[in-house]
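Report on the following structure.
The values are calculated or read from the model by the stated rules, or taken from the named source; none is laboratory data. Given the structure is predicted, the values throughout are model-derived calculations rather than measurements. All Cβ positions, glycine included, derive from the backbone under ideal geometry; neighbour counts span all protein chains shown. Side chains included, ligands, DNA and RNA excluded: accessible areas come from the protein's heavy atoms. Shrake-Rupley method; radii C 1.70, N 1.55, O 1.52, S 1.80 Å.
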Amino acid sequence: MDIKELIKENVGIIKELRIKLNANAELAFKEYKTQDIIVNFLKNINIDAQKIVNTGVVATLNIGDNCIAVRADMDALPVKGVSHACGHDYHMAIVLGTAFILKKIGFNKTVKFIFEPGEETTGGADLMIKAGVLTNPKVNCMIGFHVWPNVPVGTLEVASEASMASVDDFHVKFTGKGGHAATPHLCKNPMYPAMEFIQSTNIQSKIENNPLDSHVITFASIKCGNANNVIAEECDVLGTVRTFNNELRNKLYEDILKNSRLCAEKYGCKVELNYDFQYPPLISDEKLTNSFIDTTKKLIGENNVSPLEKSFTSDDFAFFSQKVPSVHFRLGIKDNKKGIHFLHSPSFDASEKAIFNGIYVITNFILSLEY
């Protein structure tokens, strides 16, 4: 059976489905209409679909002890009201289209389709893993992807290494002794340890870590008082840490913890650190990714599969890739003036041709695997 022709014959159905998902865009963990659209579509093509972690969906094609899984994220963003300004409607449509085609050709191996809620906020991947989404049947490997602006439609980018960064947020509260600005000697101004903490942390991160091991520490906010003649009692520093290396990730946390304490002690203040480890770096499995690259180059042409450039953006597909061998690729969506605005932009859009390409690539890779 000619898979390409079969997809072409049915891609209109999936495009209409994408439009419906787009019209019913919902914020993280509120994806009830989205969930219903997914479940109903799958049940209509006789694929068992179950609700999981409140608004998520897991569906399984065929019965077996082991399977491959494909993941799509479901939630939208508070952009222009509520909209799919990150392309999750395309992700869902492509995964549903893959399920549709595999069912239509009578594929007899087991495939699990995972629709994850809440990726844009605290993330649904870890919740789904804890709820058992990778078991019964056991997931042996996974496929993930993201539509990517300014990558030409019909092409993709992939690499067997970290592609997206970890993301950790921190809140440091320095507490001193407030008072009148005219008597600073009677106070313990918390702004001083806060300023030194920012400066010394920036310097330390540059001189102690390998410059080839990329990382970002961003201090995004410092809040301290609201009057010219009052020394505030508290000073809050907010920031984020991103890296592609788990060892460096842990070191940067220890550095921030130690440095904040030293700066507070120097100025006679107290300090409280709230450090939120969020998403780990997204690292694709080398063996699976190389297999994906070989298969896909034969499928769409060697020049249409390119190495990717790392991005300090993040994706909680990283939780899945920590648990099972995974490949995560970027799907091109640029076509003339479409697909040129970056993710989360109010002007974000994509070429509908990407839907065919996504289904074509993922379906053929699944067909090529032995599991």
Residues (crowded, with 18+ Cβ neighbours inside 10 Å, under 14 Å from Asn245 (Cα atoms) and not polar (S, T, N, Q)) located in the range 301-321: Ala318
In the range 101-150, what residues are aliphatic (A, V, I, L, M), under 28 Å from Phe342 (Cβ atoms) and touching a Ser or Thr at 6+ places or on another chain (Cβ under 8 Å)? Met142, Ile143
Residues satisfying the stated conditions in the range 323-334, i.e. surrounded by fewer than 23 Cβ atoms within 10 Å (Cβ to Cβ) and either in contact with a helix residue (DSSP H, G or I) (Cβ under 8 Å, 6 or more places away or on another chain) or part of a strand (DSSP E or B) (or both): Lys323, Pro325, Arg330, Lys334
From the residues in the range 16-33 that are touching a residue at least 24 places away in the same chain (Cβ under 8 Å) and in contact with a helix residue (DSSP H, G or I) (Cβ under 6 Å, 6 or more places away or on another chain), which one is most open to solvent (accessible area, probe 1.4 Å)? Asn22
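Among the residues of the range 198-243, how many are in a loop (DSSP other than H, G, I, E, B), over 23 Å from Glu161 (Cβ atoms) and either touching a residue at least 60 places away in the same chain (Cβ under 8 Å) or in contact with a strand residue (DSSP E or B) (Cβ under 8 Å, 6 or more places away or on another chain) (or both)? Explain how you work it out, then say what you get.
Pass one, the range 198-243, residues in a loop (DSSP other than H, G, I, E, B): 208-214, 224-229, 232-233.
Those still in the list that are over 23 Å from Glu161 (Cβ atoms) too: 208, 224-229, 232-233.
With the extra rule that they be either touching a residue at least 60 places away in the same chain (Cβ under 8 Å) or in contact with a strand residue (DSSP E or B) (Cβ under 8 Å, 6 or more places away or on another chain) (or both), the set shrinks to 224-225, 229, 233.
Looking only at that region, the number is 4.
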Applying the selection to the range 98-143, what residues are open to solvent by 10 Å² or more (accessible area, probe 1.4 Å) and hydrophobic (A, V, I, L, M, F, W, C)? Phe100, Ile105, Phe107, Leu127, Ile129, Ala131, Leu134, Cys141
What single numbered condition from (1) free of Cβ contacts under 8 Å to residues at least 60 places away in the same chain; (2) closer than 19 Å to Glu119 by Cβ; (3) open to solvent by 80 Å² or more (accessible area, probe 1.4 Å) fails to hold for Asn54? (1)
If you check Asp89, Asp75, which single one turns out to be part of a loop (DSSP other than H, G, I, E, B) and in contact with a Leu (Cβ under 7 Å, 6 or more places away or on another chain)? Asp75
Answer with yes or no whether Gly81 is of a type outside the set (Lys, Arg) and open to solvent by 30 Å² or more (accessible area, probe 1.4 Å). yes
In the range 229-288, what count of residues is obtained for those that are open to solvent by 80 Å² or more (accessible area, probe 1.4 Å) and under 23 Å from the mean Cα position of the chain (by Cα)? 6
Whether any residue in the range 335-348 is closer than 20 Å to Val167 by Cα, free of Cβ contacts under 8 Å to residues at least 60 places away in the same chain and surrounded by 15 or more Cβ atoms within 10 Å (Cβ to Cβ) is what I want to check. no
Looking only at residues that are open to solvent by 30 Å² or more (accessible area, probe 1.4 Å) and closer than 13 Å to Cys141 by Cα in the range 349-371, which one is modelled with the highest pLDDT? Glu370
